[in-house]
1. For the chain, take the longest principal axis of its alpha carbons; what is the angle in degrees between that and the long axis of helix 359-373, to the nearest 10 within 0 to 90?
2. In terms of Cα to Cα distance under 19 Å, which lysines are near enough to K274, apart from those fewer than 8 places away along the same chain?
3. In what sequence, highest mean first, do 374-381, 408-415 appear when ranked by Cβ atoms within 10 angstrom?
4. Report, to two decimal places, the Cα Rg of the range 193-302 normalised by 2.2 N^0.38 Å (N = number of residues).
5. Considering the chain as a Gaussian network with a 10 Å cut-off on Cα pairs, which listed residue, E67, E362, E76, attains the greatest mean-square fluctuation?
6. Counting only heavy atoms of protein chains, what accessible area per residue, in Å², does the chain have with a probe of 1.4 Å?
7. From the protein chains alone at 1.4 Å, what is the descending order of accessible area for M343, M91, M192, M247, largest first?
8. Rounded to the nearest 10 degrees, what's the angle between the helix 110-138 long axis and the longest principal axis of the chain, both from Cα atoms, 0 to 90?
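The values are calculated or read from the model by the stated rules, or taken from the named source; none is laboratory data. As the structure is a computational prediction, the values presented were derived from the model and not from experiment. Don't worry about glycine lacking a Cβ; one is built from the backbone with ideal geometry, like all the others, and counts go over all protein chains shown. We work out accessible area using only protein heavy atoms, side chains counted, and drop any ligands, DNA or RNA first. Shrake-Rupley method; radii C 1.70, N 1.55, O 1.52, S 1.80 Å.
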Amino acid sequence: MQNTVLIIDDEKKICSLLARIIELEGFKVFQANTGKEGLKILAAQDVYVVISDVKLPDINGVELVKEIKKIKPYTEVINLTAFGTIQDGVMAMRNGAFDYITKGDDNDKIIPLVYKALDKAKLQFRISELENKVARKYDFTAILGQSKAIKEAIALSEKVAGTDTTVLLLGETGTGKEVFAQAIHYESLRKMKPFVAVNCSGFNHELLESELFGHKEGAFTGAVRDKKGLLEEANEGTLFLDEIGEMNLDLQAKLLRVLENQTFIKVGDTQTSKVNVRIIAATNRDLKTEAESGKFRLDLYYRLSVFSIELPPLSQRKSDILLIAKHYLKEFANKVNKQELVMGDDFAELLLKHNWKGNIRELKNVIERVVILADGNSVTANLLPYEFHALEQQIGETDPMKMELVEKQHIIKVLTYTKGNKTETARLLGIGLTTLYRKIEEYKI
């Protein structure tokens, strides 16, 4: 983006003269004689710095600053006036002006001031670009799939994203609950604030309480200083509680208080702390059944499930399997500097036959392994783990009583268990390594 300046002044000669001076510094300069004309140019062009007269025929230049910031928040505005007042100067700065100077005093100041404003605007523009890039990475367009089941889950998530409503994401392991949580956050009004995720199954009760709520110095052995909890880290943003079903009942009561009035007490503290945070929770458990049986607080369940979204497993979205696999083939090939890989028909067939108990996470891991193993520009069935071939071998086999078939299937089962480690497989089978290789060749495993 070229260094650009927009000058807004109703005195055409002054406007042209100032434009010429700034152009000599290598800037591209746009000119406008009214506030309305200036805003029109700003909407159509990328402008880093605006120099605006305060006395314009259609709007006060101080008020114009607010309108400029609405269109281009990163653009910096310098107000010029023939008769400066402290009140106007203060108001201009409150509205977001970079500086406010009096005409006549600007001859030596204007160029250095433009460069300073340019530096700040460029920094803000870069930050804005990075924030937008992060938002695009985690928005709903990043969720792969065209099946009816995934589209319904996305539609529900989009509806609730713009609210502050608590969301409960339900689904099997690996269905993308954290991806959905991030998309909801980055499509919300809190998107420029923190997204903090914690896996509740990764800590014991005491550690999880300290991680969530923080603690005071001396609260327990090892608490040598005050510590901020994740609730405070997520203030004004979103806290994602993964595997919420693993949280014990005492901690659930404290979380309920956060949901009800946004307050909590740190470990070892006596004073109440307040936050403004949105909660998104996720679980692969049947929380309603557990709540009814007393294993989970019923009041917390009702508070969390204000808006529940069921994420479909891959078994319910078979049409998405190859689409997701192609995406990860491309992603991982790029990561390891390999050419674009094409799926062979036998490879695609086995992907569709697999049950994918680990869902998208399992599929992603399998594709990463395949990309590493691939030598040519295509991926074939022989690159897939043993369990895929075990399933293939079982299809069409009609005589399970034959000793050869029983032996073959048992070898495949042990190979799958050892993840292809032939030395370990031979040891578990109680046969020599040479014998194992002979049988693998004999049975075409």
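1. It works out to around 80 degrees.
2. K193, K216, K227, K228, K254, K266
3. 408-415, 374-381
4. Working it through for the range 193-302, the quotient is 1.04.
5. E67
6. 54
7. M192, M91, M343, M247
8. With rounding to tens, the tilt is 20 degrees.
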